[in-house]
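> Take this structure first; my questions come after.
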Amino acid sequence: MSDLAKKVFSWAVLSTALGFFASCGGGGSSTTSKAGAPGSGGAFLVKEVEPPNNGSVFLNQPITVKFTQDVDITSVNLNSWSFTVYERRSGRPVGEPVIGKFSYGPAFNGGVDKRVIQFLPAFPTNDTFDNGGFRPGRRYDVHLNGADTKLTPVIRSVFGQILQRGFSFTFTTPNGSTPEELFYDILPGGPKKVSLSPEDTVEKLNFFLGGNLKNVTLVFNQPLNPSSLSFNQKNIYLRYKDPDLNLSGWTRIPTVLTLAENLPEKAVVTLTPIGVLPSNAEIQAVVEPDLEDIAGENNLGDPAFHRIFGSFKTEAATAFQYDAIVEDFRSTELFDMDAPHKEPLAEWGKGRLRASFNFGGSVTLFDFEPHDKELILNTDFTQVVPKQGIPYTVSGGVFEFRNILIPEGVQVRGQGTNPLVFLATGSVVVRGGISVDGGNGDRVDTLS
């Protein structure tokens, strides 16, 4: 049996096992009565786990624990159910976060079994597959807190019982660097179309002002390989028929490509057009057969594969139009609070945008425009020649001017024990250079 067949077979075995879990107690139902309700009597314990202790999982495989009673899923989190991570080969502990989602497991009748809890790791999104919930070449020690461990918080049943005994097990992830080595093949064959939005409609031209087409959304029937070797704009793109071209006639539309969701049952991809769409055009979403699923399978060998994912049209808008973003600073709708800047946030509101702090320096009428090929400014004490007025001395390295212009071919060099600081109330234009490089050291002529 090939490795691929083994992976598909293993996934089927796991799904069958989960169905067996659900069927062993009459499905995944909970009752409202404690007395005599299935699972409400006896101890609340862990019954089975998948994978078994010292087993192995792929990076897109869930961890499954079956309990003797229905579980209150609000009590299940990464504090009551914890992971400790080690390098598989060396055994060295590593401080890597485990990211994922807890949910009830599937029941035999198609619902959920509240006695079964699954942890689905977040799928990786980079070329090396090492930023997901599970990472390659790792050992994971799993511990569920119980009443006997004296650790909190603790997993509880829907009847309020605390897990009577803590439970621990260990599993490993495969070493490897390719999708075939690291992931289950959830479905045979390459990724196939589920839906396209918009499709077979007439859309506006993507102006900022009204009718903005935010995204073109493609949904596939299985997760995708996130590596840039597969997930790129060579394999997924938008195009339109351009009558001015003599050859193929097709022109690609600039977009931002995003893997919005990558889940066991689907992948959601968005293409965000950059700029205005062509007027009165048919826009095609194209998916090349090279695009791979998460296990590395593509559609190159599928004669039934159709690369045109779907299409929509744009309105015929040939009259003069204009586009703009209007910001009156009366609301914070366009205020990016998550921008990664260290500077203090500006004051935004009441119809204005301004700095939230006062700049240093003072108002002066002097401009700075040196013409010497090289000008040394000593930051301890030096004389400055302004563009107008008489020379004056500056101590401490802070040079205050109205306008600053460093002409082409002029180098201003700072020298001294203080920082070189320029403050200007007007414009600053540097066509030459400003340098604070240190000088060369003395030549060494002696030993020891």
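The values are calculated or read from the model by the stated rules, or taken from the named source; none is laboratory data. For clarity, every value in this text was computed on a predicted model and none was experimentally measured. Here the Cβ is made from the backbone with ideal geometry for all residues, glycine too, and neighbour counts use every protein chain on show. Only protein heavy atoms, including side chains, enter the accessible area calculation; ligands, DNA and RNA are left aside. Shrake-Rupley method; radii C 1.70, N 1.55, O 1.52, S 1.80 Å.
> Return yes when residue 118 is open to solvent by less than 70 Å² (accessible area, probe 1.4 Å), closer than 18 Å to residue 184 by Cα and of a type outside the set (A, V, I, L, M, F, W, C) and no when it is not.
The answer is yes for residue 118.
> Considering 393, 382, which residue is part of a strand (DSSP E or B) and exposed (fewer than 12 other Cβ atoms within 10 Å of the Cβ)? It would help to see each step written out before you state the result.
Values: 382 fails: exposed (fewer than 12 other Cβ atoms within 10 Å of the Cβ).
After applying the criteria, what remains is 393.
> Name the single residue that is modelled with the lowest pLDDT among those in region 170-182 being farther than 18 Å from residue 290 by Cα and open to solvent by less than 60 Å² (accessible area, probe 1.4 Å). Explain how you work it out, then say what you get.
Residues of region 170-182 that are farther than 18 Å from residue 290 by Cα, as a first pass: 170-177, 181-182.
Restricting the remaining residues to those that are open to solvent by less than 60 Å² (accessible area, probe 1.4 Å) gives 170-174, 176, 182.
Numbers: 170: 98, 171: 98, 172: 97, 173: 97, 174: 96, 176: 92, 182: 96.
My answer is 176.
> Please give the number of the condition residue 372 fails out of (1) surrounded by 17 or more Cβ atoms within 10 Å (Cβ to Cβ); (2) of a type outside the set (Gly, Ala, Ser); (3) over 50 Å from the mean Cα position of the chain (by Cα).
Here residue 372 meets the rest and fails (1).
> A further question on this structure: Restricting the search to region 318-327, which residues are among the aliphatic types (A, V, I, L, M) and open to solvent by less than 80 Å² (accessible area, probe 1.4 Å)?
Once the filter is applied, which keeps residues that are among the aliphatic types (A, V, I, L, M) and open to solvent by less than 80 Å² (accessible area, probe 1.4 Å), region 318-327 yields 319, 324.
> Across region 151-162, what is the total count of residues that are surrounded by 15 or more Cβ atoms within 10 Å (Cβ to Cβ) and not in a strand (DSSP E or B)?
Total meeting the criteria: 6.
> Can you tell me which residue is surrounded by the most Cβ atoms within 10 Å (Cβ to Cβ) among those in region 91-115 that are among the aliphatic types (A, V, I, L, M) and touching a Pro at 6+ places or on another chain (Cβ under 8 Å)? It would help to see each step written out before you state the result.
First, pick out the residues of region 91-115 that are among the aliphatic types (A, V, I, L, M): 94, 98-99, 107, 112.
Those left that are additionally touching a Pro at 6+ places or on another chain (Cβ under 8 Å): 98-99, 112.
On the way: 98: 21, 99: 13, 112: 19.
Per the stated criteria, the residue is 98.
> If a residue has to be surrounded by 15 or more Cβ atoms within 10 Å (Cβ to Cβ), assigned to a strand (DSSP E or B) and not aliphatic (A, V, I, L, M) to count, how many in region 273-295 make the cut?
Looking only at that region, the number is 3.
> Let me ask you something else. So if I check each of 292, 343, 347, 315, which one is under 30 Å from residue 123 (Cα atoms) and charged (D, E, K, R)? Show your work before the answer.
Working: 343 fails: under 30 Å from residue 123 (Cα atoms); 347 fails: under 30 Å from residue 123 (Cα atoms); 315 fails: under 30 Å from residue 123 (Cα atoms).
That would be 292, the only listed residue that is under 30 Å from residue 123 (Cα atoms) and charged (D, E, K, R).
> Just to be sure I understand the filter: pairs with C-beta atoms under 6 Å, separated by 6 or more residues or on different chains, first member in region 306-320 and touching a residue at least 12 places away in the same chain (Cβ under 8 Å) and β-branched (Val, Ile, Thr), second member open to solvent by 40 Å² or more (accessible area, probe 1.4 Å) and outside any loop (DSSP other than H, G, I, E, B). Which pairs pass?
314/203
Results for (1) in contact with a helix residue (DSSP H, G or I) (Cβ under 8 Å, 6 or more places away or on another chain); (2) more than 30 Å from residue 84 (Cα to Cα); (3) not in a loop (DSSP other than H, G, I, E, B), shown as yes or no for each residue.
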residue: 171; (1), (2), (3): no, no, yes
residue: 177; (1), (2), (3): no, no, no
residue: 188; (1), (2), (3): yes, yes, no
residue: 222; (1), (2), (3): no, no, no
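> Quick one: how many residues across region 132-150 are within 14 Å of residue 51 (Cβ to Cβ) and either open to solvent by 10 Å² or more (accessible area, probe 1.4 Å) or not in a strand (DSSP E or B) (or both)?
Start the filter on region 132-150 by keeping residues that are within 14 Å of residue 51 (Cβ to Cβ), which leaves 134, 138-142.
Now drop any that are not either open to solvent by 10 Å² or more (accessible area, probe 1.4 Å) or not in a strand (DSSP E or B) (or both), which leaves 134, 138-139, 141.
Selection size over region 132-150: 4.
> May I ask you to verify whether residue 253 is under 25 Å from the mean Cα position of the chain (by Cα), more than 28 Å from residue 130 (Cβ to Cβ) and open to solvent by less than 60 Å² (accessible area, probe 1.4 Å)?
In short, yes.
> Continuing with the same structure: Residue 123 is checked against (1) open to solvent by 10 Å² or more (accessible area, probe 1.4 Å); (2) over 18 Å from residue 223 (Cα atoms); (3) of a type outside the set (Lys, Arg) and fails just one. What number does that condition carry?
(2)
> Same structure, new question: Can you spot a residue in region 300-317 that is open to solvent by less than 100 Å² (accessible area, probe 1.4 Å), at pLDDT below 85, assigned to a loop (DSSP other than H, G, I, E, B) and over 30 Å from residue 188 (Cβ atoms)? Spell out the reasoning first.
Step one: of region 300-317, the residues open to solvent by less than 100 Å² (accessible area, probe 1.4 Å) are 301-302, 304-305, 307-312, 314-317.
If we keep only those that are at pLDDT below 85 as well, we get 317.
Filter once more, keeping what is assigned to a loop (DSSP other than H, G, I, E, B): 317.
Adding the requirement that they be over 30 Å from residue 188 (Cβ atoms) leaves 317.
Within region 300-317, one or more residues are open to solvent by less than 100 Å² (accessible area, probe 1.4 Å), at pLDDT below 85, assigned to a loop (DSSP other than H, G, I, E, B) and over 30 Å from residue 188 (Cβ atoms).
Here's the yes/no breakdown for (1) on the phi > 0 side of the Ramachandran plot; (2) in contact (Cβ under 8 Å) with a residue 60 or more places away in the chain; (3) not in a loop (DSSP other than H, G, I, E, B):
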{"residue": "86", "(1), (2), (3)": "no, no, yes"}
{"residue": "96", "(1), (2), (3)": "no, no, no"}
{"residue": "102", "(1), (2), (3)": "no, no, yes"}
{"residue": "117", "(1), (2), (3)": "no, no, yes"}
{"residue": "124", "(1), (2), (3)": "no, yes, no"}
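> Those residues that are assigned to a strand (DSSP E or B), closer than 24 Å to residue 148 by Cα and in contact (Cβ under 8 Å) with a residue 60 or more places away in the chain, I need them from region 48-82; list them, please.
Start the filter on region 48-82 by keeping residues that are assigned to a strand (DSSP E or B), which leaves 48-50, 55-56, 63-67, 71, 81-82.
With the extra rule that they be closer than 24 Å to residue 148 by Cα, the set shrinks to 48-50, 63-67, 71, 81-82.
Matches in region 48-82: 49, 63, 65, 67, 71, 81, 82.
> Out of 85, 76, 65, 46, report the one residue that is surrounded by 20 or more Cβ atoms within 10 Å (Cβ to Cβ), more than 22 Å from residue 263 (Cβ to Cβ) and β-branched (Val, Ile, Thr).
When all the criteria are applied, what remains is 46.
> Scan (1) surrounded by fewer than 20 Cβ atoms within 10 Å (Cβ to Cβ); (2) modelled with pLDDT under 95; (3) aliphatic (A, V, I, L, M) for the single condition residue 219 breaks and write down its number.
(2)
> Name every residue in region 328-367 that is surrounded by 10 or more Cβ atoms within 10 Å (Cβ to Cβ) and touching a residue at least 24 places away in the same chain (Cβ under 8 Å), in order of residue number.
329, 353, 361, 364, 365, 366, 367
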